[in-house]
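Everything below concerns the one structure shown next.
The values are calculated or read from the model by the stated rules, or taken from the named source; none is laboratory data. Because the structure is predicted, anything quoted here is derived from the model rather than measured. When we count neighbours, we look across all protein chains shown, and the Cβ atoms used for this are built from the backbone with ideal geometry, even at glycine.
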Amino acid sequence: MITKTQIEMALSHVNDPDLGQSLTQLGMIENITVEGKKVAFDLVLTTPACPMKQKMSDDCVAAIHEYVDRDAEVEVRLTSRPARQQEDELLSLKDVRNIIVVASGKGGVGKSTVAVNLAISLARTGAKVALVDADIYGPSIPIMFDLSQQDIYSYSHEGKTYMQPVEKYGVKLMSVGFFVDPAKAIAWRGPMASGALKQLINETWWGEVDYMVVDMPPGTGDIQLTLAQSIPVSGAIIVSTPQQVALADVVRGVELFRNPGLNIPVLGFVENMAYFTPAELPANRYYIFGKGGYRQLAEEMKIPLLAEIPLVQRIAESGDSGRPAALWSDQPRPERDAFDELAANTVRELCKLA
């Protein structure tokens, strides 16, 4: 007769491939039930798109067959839970599992392009994804999703009225650009901007979301600090280009998130415009802004380099046309593959935060 204790002992031999600790030590095994030779339990993941989930599931089945009974019928139920929680978590964010902020030390490095394509690549894996355009002085989502003229509808929950996010390409969207005239400058001081951003996030009803990507304003000032303190951020991604003048701002970006008042994990770096690839010669790479500088900085700071995004004309054109590069699937393209790599590596780093 199979017992629950036997199952627990068998599963203690199965390790998380990234963390190197057993699933039982990490608290990832829950709700074990045994009926004769039928065994079932929950394998609790940090994120539903964890790239190692199938391997861990297969290893659990193999361990039970090896240490308990080769004829056991094993059901592994894959589930997930938020990576970080705060006691004062707001109601509108209660079903948001992971919040990823995409930041940069300076403007003009393609942060918004990276945030948009990361969100779409995550959505293409089957995850439920939201994207918040918090770049208050230069909102890009309306243009990059071809939503310049967009009505926002309300949603009532328990007597309170929320905004309903717009949905396109499988991503829930909210942007300050939906509420302002694109032909006029947004002349808000720091406290006004911070308040507007918090309202944008907290007064939108997001529903169930696996990954919320937040396109932060560039820089490391009060707006960024206030926003990061106001929501339960799982981790940060910092975008830069290869030039030394841009890399100098990366260090300040890392220090912002490592500030004791925030203590937000830096999931990794993204090197945008890493190399130029001509459309007619997709295998060729020309490092016109320098080579290896960001990778070296990543190694020195012990922070993963999540992806190197090529400099190709199609990325800019696709953003302007409202069909971001990560959507393309008709043929192999280096830019789409780079964004898919970014999404996979981001999920991997989130898994390590369990």
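Kindly indicate the residue of the stretch 128-161 that is hydroxyl-bearing (Ser, Thr, Tyr) and out of contact with any Ser or Thr (no Cβ under 6 Å at 6 or more places or on another chain) and also nearest to GLY322 (Cα to Cα) among those meeting that condition.
Ranking the qualifying residues of the stretch 128-161, first place goes to SER148.
Looking only at the stretch 205-232, which residues are touching a helix residue (DSSP H, G or I) at 6+ places or on another chain (Cβ under 6 Å), of a type outside the set (Phe, Trp, Tyr) and modelled with pLDDT of 90 or more?
Selection gives VAL213, ASP215.
Does VAL166 meet the test of being among the aliphatic types (A, V, I, L, M) and out of contact with any helix residue (DSSP H, G or I) (no Cβ under 6 Å at 6 or more places or on another chain)?
Values: among the aliphatic types (A, V, I, L, M): yes; out of contact with any helix residue (DSSP H, G or I) (no Cβ under 6 Å at 6 or more places or on another chain): yes.
Yes: the conditions hold for VAL166.
Considering each residue of the stretch 253-277, count those that are part of a loop (DSSP other than H, G, I, E, B) and either over 28 Å from GLU335 (Cα atoms) or in contact (Cβ under 8 Å) with a residue 40 or more places away in the chain (or both), and give that number.
We begin by selecting, within the stretch 253-277, every residue part of a loop (DSSP other than H, G, I, E, B); these are 259-265, 272-275, 277.
Filter once more, keeping what is either over 28 Å from GLU335 (Cα atoms) or in contact (Cβ under 8 Å) with a residue 40 or more places away in the chain (or both): 259-265, 272-273, 277.
Residues in the stretch 253-277 being part of a loop (DSSP other than H, G, I, E, B) and either over 28 Å from GLU335 (Cα atoms) or in contact (Cβ under 8 Å) with a residue 40 or more places away in the chain (or both): 10 in total.
What helices (runs of 4 or more DSSP H), lying completely within the stretch 285-354, carry at least 1 residues that are in contact (Cβ under 8 Å) with a residue 60 or more places away in the chain?
Here the list reads 313-321, 334-351.
If you take the residues in the stretch 147-179 that are over 22 Å from the mean Cα position of the chain (by Cα) and assigned to a strand (DSSP E or B), which one is modelled with the lowest pLDDT?
HIS157
Exactly one of these conditions fails for PRO242: (1) under 21 Å from the mean Cα position of the chain (by Cα); (2) surrounded by 22 or more Cβ atoms within 10 Å (Cβ to Cβ). Give me its number.
(1)
When you go through ALA283, ALA279, ALA307, ALA316 one by one, which is the residue that is among the hydrophobic types (A, V, I, L, M, F, W, C) and surrounded by 20 or more Cβ atoms within 10 Å (Cβ to Cβ)?
Of ALA283, ALA279, ALA307, ALA316, the one residue that is among the hydrophobic types (A, V, I, L, M, F, W, C) and surrounded by 20 or more Cβ atoms within 10 Å (Cβ to Cβ) is ALA307.
Among the residues of the stretch 94-133, count how many are more than 23 Å from GLU203 (Cα to Cα) and among the basic types (Lys, Arg).
3
Restricting to the stretch 26-41, count the residues that are surrounded by 15 or more Cβ atoms within 10 Å (Cβ to Cβ) and under 30 Å from the mean Cα position of the chain (by Cα).
The number of residues fulfilling the criteria is 3.
Would you be able to tell me the number of residues in the stretch 335-354 that are closer than 21 Å to PHE145 by Cα and either at pLDDT 85 or above or touching a Lys or Arg at 6+ places or on another chain (Cβ under 9 Å) (or both)?
So the count comes out to 7.
Which of (1) more than 26 Å from THR125 (Cα to Cα); (2) at pLDDT 95 or above is the odd one out, the single condition GLU75 does not satisfy?
The single condition GLU75 does not satisfy is (1).
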